[in-house]
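Below: the structure, in structure tokens.
The values are calculated or read from the model by the stated rules, or taken from the named source; none is laboratory data. Predicted model only: the values in this text are computed from it and were never measured. Cβ atoms come from the backbone with ideal geometry, glycine included; neighbour counts cover every protein chain shown.
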């Protein structure tokens with residue numbers, strides 16, 4: 001790993017340029033060359049991010065995701081828990097009581 005942020009940044013830019021060149025050639029998303037370029041971007045980005053952290057205690061606001069990160073299924077990682085005490089009046093559904101009354105009215109009509 002290159003711990004010099006400037007050098008790591010130049011490697012990242014070169015990886016992005018190589019990816020762009022392949023994309024412009026329209027080699028197709030399943031091209032081994034394009035997939036390799038994609039992986040090179042991810043690798044050089046992580047090197048750059050690590051170099052920033054080591055040198056300056058800073059990181060970028062970006063993250064690398066893999067196909068494994070989004071399996072298409074809803075799970076606990078997809079949920080953000082909110083403390084009800086943190087909710088304000090604008091966060092609540094003003095029509096909640098109306099919806100319950102409407103359901104009761106519909107049930108009354110069918111009986």
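Going by the structure shown, is residue 89 surrounded by 15 or more Cβ atoms within 10 Å (Cβ to Cβ) and either out of contact with any strand residue (DSSP E or B) (no Cβ under 9 Å at 6 or more places or on another chain) or modelled with pLDDT under 70 (or both)? Break it down into steps so the answer makes sense when it comes.
Working: surrounded by 15 or more Cβ atoms within 10 Å (Cβ to Cβ): no; either out of contact with any strand residue (DSSP E or B) (no Cβ under 9 Å at 6 or more places or on another chain) or modelled with pLDDT under 70 (or both): yes.
In short, no.
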How many residues are under 21 Å from residue 10 (Cβ atoms) and within 20 Å of the chain's Cα centre (by Cα) when one looks only at segment 54-69?
-> 6
Would you point out the residue of segment 1-33, among those that are without any contact (Cβ under 8 Å) to a residue 12 or more places away in the chain and in contact with a helix residue (DSSP H, G or I) (Cβ under 6 Å, 6 or more places away or on another chain), that is farthest from residue 52 (Cα to Cα)?
-> 27
Condition set within 21 Å of the chain's Cα centre (by Cα) and surrounded by 12 or more Cβ atoms within 10 Å (Cβ to Cβ), scope segment 14-33, selection farthest from residue 61 (Cα to Cα): answer is 19
Residue 109 passes all but one of (1) in a helix (DSSP H, G or I); (2) loosely packed, with under 10 Cβ neighbours inside 10 Å; (3) modelled with pLDDT of 80 or more; which number fails?
-> (3)
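Can you confirm whether residue 72 is modelled with pLDDT of 80 or more and either touching a strand residue (DSSP E or B) at 6+ places or on another chain (Cβ under 8 Å) or on the phi > 0 side of the Ramachandran plot (or both)? Even if it seems obvious, please write down each step before you answer.
Details: modelled with pLDDT of 80 or more: no; either touching a strand residue (DSSP E or B) at 6+ places or on another chain (Cβ under 8 Å) or on the phi > 0 side of the Ramachandran plot (or both): yes.
No.
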